[in-house]
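Below is one structure, written out as structure tokens, with a few remarks after it.
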Amino acid sequence: MEPNALTRLKRVAGKQTTTLTHYGRKTGKPHDVTIWFVLDHDKFYIGTASVNRQWVRNVQKTPKVRLSITGEMFEGNARFPTDRAERERAMAAIRRKYWRFRPLIALGRILTAMGLMRDNTGSFEVTLAA
């Protein structure tokens, strides 16, 4: 990650959400979604409660994204981690930042373990452009 971008990201890392601009997989038109994020050391992750959402499918098809966090703008490429350990690292960082939601997240994990709910959570790592 480019040092200047990392410095700017660190300044806004405590904010709760980012506006993610993604591009339609059929039209190429830009679309915005407000989503949780976390900066974990030098890794920037975006989390989702459902990998079946349209914006997730768009990012998987066209990984180029723009991020806006309280006026700071970033561009980069998103990558959906395929390695289970890497996915868990990203989700653990998200759970640490959004600790208020731990009971809800824990309930989802319990219901998933019981077979009453599917785990559709996921995350992306965004590598910022230089």
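Here are some notes:
- Across segment 97-130, the number of residues qualifying as assigned to a helix (DSSP H, G or I) and either at pLDDT 85 or above or among the polar types (S, T, N, Q) (or both) comes to 1.
- Here the condition is being surrounded by fewer than 13 Cβ atoms within 10 Å (Cβ to Cβ), over 20 Å from PRO81 (Cα atoms) and not aromatic (Phe, Trp, Tyr); of THR19, THR27, it holds for THR27 alone.
- Filter result for the condition that a residue is surrounded by fewer than 19 Cβ atoms within 10 Å (Cβ to Cβ), among the acidic types (Asp, Glu) and over 15 Å from VAL126 (Cα atoms), over ASP42, ASP32: ASP32
- Hits in segment 1-32 - residues which are charged (D, E, K, R) and either in contact with a strand residue (DSSP E or B) (Cβ under 8 Å, 6 or more places away or on another chain) or at pLDDT 95 or above (or both): GLU2, ARG8, LYS10, ARG11, LYS15, LYS29, ASP32
- Candidates are the residues of segment 74-97 that are surrounded by 17 or more Cβ atoms within 10 Å (Cβ to Cβ) and of a type in the set (Gly, Ala, Ser); the one that is farthest from GLY47 (Cα to Cα) is GLY76.
The values are calculated or read from the model by the stated rules, or taken from the named source; none is laboratory data. Here the structure is a predicted model, which means the values were calculated and not measured. For neighbour counting, all protein chains shown are included, and Cβ atoms are generated from backbone atoms with ideal geometry for every residue, glycine included.
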